[in-house]
Amino acid sequence: MTLLRVERLHKSFGGFEAVRDVGFTLEAGERLAIIGPNGAGKSTCFNMIGGQLRPDHGRVLLDGEDITGLPPRAVWRKGVGRTFQIAAAFGSMTVAENVQMALMNHHGRARALFPLARELYREEALALLERVGIRDQAERFCSMLAYGDIKRVELAVALAHDPRLLLMDEPTAGMAPAERHALMRLVSAIVAERGIAVLFTEHDMDVVFAYADRILVINRGRLIAEGPPEKVRADREVQAIYLGSTVESPA
Ligand SMILES: Nc1ncnc2c1ncn2[C@@H]1O[C@H](COP(=O)(O)OP(=O)(O)OP(=O)(O)O)[C@@H](O)[C@H]1O
Ligand SMILES: [Mg+2]
């Protein structure tokens, strides 16, 4: 079943065409990677799907419903969870409080006064933290966390909204290889157990080929290849783009 359908998405900044007529579909249960060199237009695509940017033209359909141009809050209410290329969490709150806030938001109780709401959704928050492997960090302030753990807080926050689709822009940027694989194994397991889908970007090709069911390659804003990992790996144009260039993100 097609969960996400993107049709001819296009975005210019001034006269510069960052994304040109990109279209693809994503099925429930699928792990789809968008790869491409720095500046290819990956984050711009994510931002048009997540509602942070309005496309110049093109459409984004979620479960057949047109969500093009909706603001980010409306998009996540429709079931699209999001993590960003730059990890973000409220540093002045504990890990558990960050996830509790997300749960309160999800249940429409965002106006509960936080000091009075210490216990609100606490058990659910701890269960999510357990699932993403940082239950033992629950009482720490986010500002004290290692970068990799902040990515896990972000994942727990995204899951608090019970998404049908996860958008993850470079979820493993800045991590050591072993940590990258651990995070993507976790994401894969969560996608499978919830029957949801994930669209992710990633610069480490080992990670991409290990965890993507299908790969989209964009270069200079255009989709240039698409298919299962073996097919993309064998594609001459893809090889030419990556040959001799570093595919590691400077993070
Ligand atoms: N708000 C903006 N204003 C002007 N140009 C922008 C803006 N956002 C992105 N761009 C440009 O659009 C192009 C695509 O950027 P984008 O961030 O989508 O690339 P990316 O594929 O995510 O790259 P990276 O791998 O470095 O994260 C780049 O040339 C970038 O400089
Ligand atoms: Mg990017």
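What follows is calculated from the coordinates using simple rules that are stated; it is not laboratory data. For clarity, every value in this text was computed on a predicted model and none was experimentally measured. Cβ sites come from the backbone with ideal geometry, for glycine too, and all protein chains shown count toward neighbours.
Taking the Cα centre as origin and putting +1 on Lys and Arg beta-carbons and -1 on Asp and Glu beta-carbons, what dipole magnitude results for the chain, to the nearest 20 debye? Spell out each step's value before the answer.
Values: 31 positive and 32 negative charges, 109 e Å.
Around 520 debye, computed over the chain.
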Note to self: Given the DSSP H assignment, sum -39500 (n - 2.57) over each helix run of at least 4 residues in the chain and divide by its residue total; what's the result at 222 nm in deg cm²/dmol, nearest 500?
What the structure shows: -10000 deg cm²/dmol
Check: Which lysines, on any chain, are close to K11 with Cα under 18 Å apart, when same-chain ones fewer than 8 places away are left out?
Finding: K42
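DSSP loop (so not H, G, I, E, B), at most 10 other Cβ within 10 Å: list which GluC sites (Glu not before Pro) in the range 128-229 pass both filters. Write down the numbers at each step before the final one.
Details: sites: E130, E139, E154, E179, E193, E202, E226; in loops: E139, E202.
Here the GluC sites (Glu not before Pro) that fit, given the DSSP loop and packing criteria, are E139.
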Check: Could you give the dipole magnitude of the range 90-144 about its Cα centre, charging the beta-carbon of Lys and Arg +1 and that of Asp and Glu -1, in debye to the nearest 20?
Finding: 160
Next item on the list: Show the residues, 5+ positions off or on another chain, whose built amide H is closer than 5 Å to the amide H of S12.
Entry: A18, D56
Margin query: Shape verdict for the chain, please, from the Cα gyration tensor: rounded (a/c under 1.5), prolate (a/b greater than b/c) or oblate.
Written below: prolate
